[in-house]
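Would you mind keeping the following structure in view while I ask a few things?
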Amino acid sequence: MENKIPEIKNNCVKFIYNGAAKKVSIVGDFNNWKKEPLFQIKENEWAITKEFPLNARFDYKFVVDKEELLDPLNPNKTEGGFGFSSELHMPRFHYPTATKFQENIPHGTVKKYTIASNKYCDYKRDIYLYKPHKTTNKKSPLLIFQDGLEYIIFGAAQNTLDYLMHKEEIPGTYALFVDIRKENRPKEYSLNSCYGEFLIDTIQLAEKKANMKFGKKYLIGASLGGFVSVALLLKHPDIFNGVISQSGVFPFEKETDFGNLDKKIIYMDSGKYETEVNSSLNILNLNKKYKQKFKKSGAAVFYKEWNDGHSWGNWKAHLPSALKHIFAADMRDTARSKGR
């Protein structure tokens, strides 16, 4: 079984490192990546036992003296924006089937387009347009993913879309994955950037490439990408219908007017261990705070907390349920139509 290493018994986990060292620590989602020392059991053997919920999932690494290492005893690892980490799966955690490539189902296609420098950005930018295997609607919905390439590579978004459409758990939908340079991310994913205008032009380009006028449009993002998705919904309520915000960071000004969000859908989730991200940012509390503010503005808000941290493993695992939620009303309407 995949949970034998590290040693797991009920909700207790024993992490073990074997090797010569002066000091061994563990860092991970569960301690906000702050060094926590292992105890030297005997020569060249170090260990620590921790308790976690039975459905938890975490990224982690060992720090041996000053070097970060993956857990040599753990075959599970995951990749994110900062490379590979070891991955802890507690006994009741399993990645949804939707996140895994399914060979024997129809697959959509992804085509890359490069947008030259223009009035909105001074560098070439890649976008990726996902076309579903089939659509049943003349006005297909459109999903717009921030950090687009990372959602494809680390978030298993294409696998998820293929599977959920094959199972008819979401309608046939196009997806636009918009890439961004990391050094430009804080500026573009801010309240006052012209990223929104760029995105609107990009949607028009996608419509030409797809030879389709898209119907409902939903913005999707993680961390700061969750924030800019909500900010764009507030700024352009006539264009966008809803948002999926995963571990959203919300640096709104105190007096921000959220306007009228009636009939807008906002799905929000966060990890219960996201309390000191980047040393001090309490994303869990931010999400609890802003879910109430969005509700007061009339949005249909769904909020969920997971036993996880600020990482792509979290966002990948829970993207399927987020997508099913925002399309739930559309799927009910479709089912009623078929029943007539």
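The values are calculated or read from the model by the stated rules, or taken from the named source; none is laboratory data. Because the structure is predicted, anything quoted here is derived from the model rather than measured. Cβ sites come from the backbone with ideal geometry, for glycine too, and all protein chains shown count toward neighbours.
I need a count of the residues in region 210-252 that are exposed (fewer than 15 other Cβ atoms within 10 Å of the Cβ) and either without any contact (Cβ under 8 Å) to a residue 24 or more places away in the chain or over 29 Å from Val277 (Cα atoms) (or both).
Matching residues across region 210-252 total 4.
So, one more: When you go through Lys296, Lys288, Lys263 one by one, which is the residue that is basic (Lys, Arg) and under 30 Å from Phe30 (Cβ atoms)? Working first, answer last.
Working: Lys296 fails: under 30 Å from Phe30 (Cβ atoms); Lys263 fails: under 30 Å from Phe30 (Cβ atoms).
Being basic (Lys, Arg) and under 30 Å from Phe30 (Cβ atoms) holds for just one of Lys296, Lys288, Lys263, which is Lys288.
I'd like the full set of residues that are at pLDDT 85 or above, under 18 Å from Gly196 (Cα atoms) and either among the charged types (D, E, K, R) or in a loop (DSSP other than H, G, I, E, B) (or both), limited to region 95-128.
Arg125, Asp126
Among the residues of region 48-94, write down those that are within 16 Å of Asn314 (Cβ to Cβ), among the charged types (D, E, K, R) and assigned to a loop (DSSP other than H, G, I, E, B).
Arg92 - this is the single residue of region 48-94 that is within 16 Å of Asn314 (Cβ to Cβ), among the charged types (D, E, K, R) and assigned to a loop (DSSP other than H, G, I, E, B).
Oh, and also: Do you know which residues across region 129-159 are surrounded by 24 or more Cβ atoms within 10 Å (Cβ to Cβ) and in a helix (DSSP H, G or I)?
Hits for region 129-159 are Gly148, Tyr151, Ala157.
Restricting to region 22-46, give me the number of residues that are crowded, with 18+ Cβ neighbours inside 10 Å and closer than 18 Å to Leu73 by Cβ.
Total meeting the criteria: 8.
Looking at (1) out of contact with any helix residue (DSSP H, G or I) (no Cβ under 8 Å at 6 or more places or on another chain); (2) part of a loop (DSSP other than H, G, I, E, B), find the lone condition where Leu191 falls short.
That leaves (1) as the condition not met.
I want to confirm something. Restricting to region 278-299 and keeping residues that are among the aliphatic types (A, V, I, L, M) and either in a loop (DSSP other than H, G, I, E, B) or out of contact with any Gly (no Cβ under 8 Å at 6 or more places or on another chain) (or both), which single residue is surrounded by the most Cβ atoms within 10 Å (Cβ to Cβ)?
Taking region 278-299 and keeping what is among the aliphatic types (A, V, I, L, M), we get 281, 283-284, 286, 299.
From the residues that got through so far, the ones that are either in a loop (DSSP other than H, G, I, E, B) or out of contact with any Gly (no Cβ under 8 Å at 6 or more places or on another chain) (or both) too are 281, 299.
Values: Leu281: 17, Ala299: 24.
The selected residue is Ala299.
Please enumerate the residues belonging to region 54-67 that are closer than 15 Å to Asn18 by Cα and exposed (fewer than 13 other Cβ atoms within 10 Å of the Cβ).
Restricting attention to region 54-67, the residues satisfying the condition of being closer than 15 Å to Asn18 by Cα are 61-65, 67.
Within region 54-67, Asp65, Glu67 qualify.
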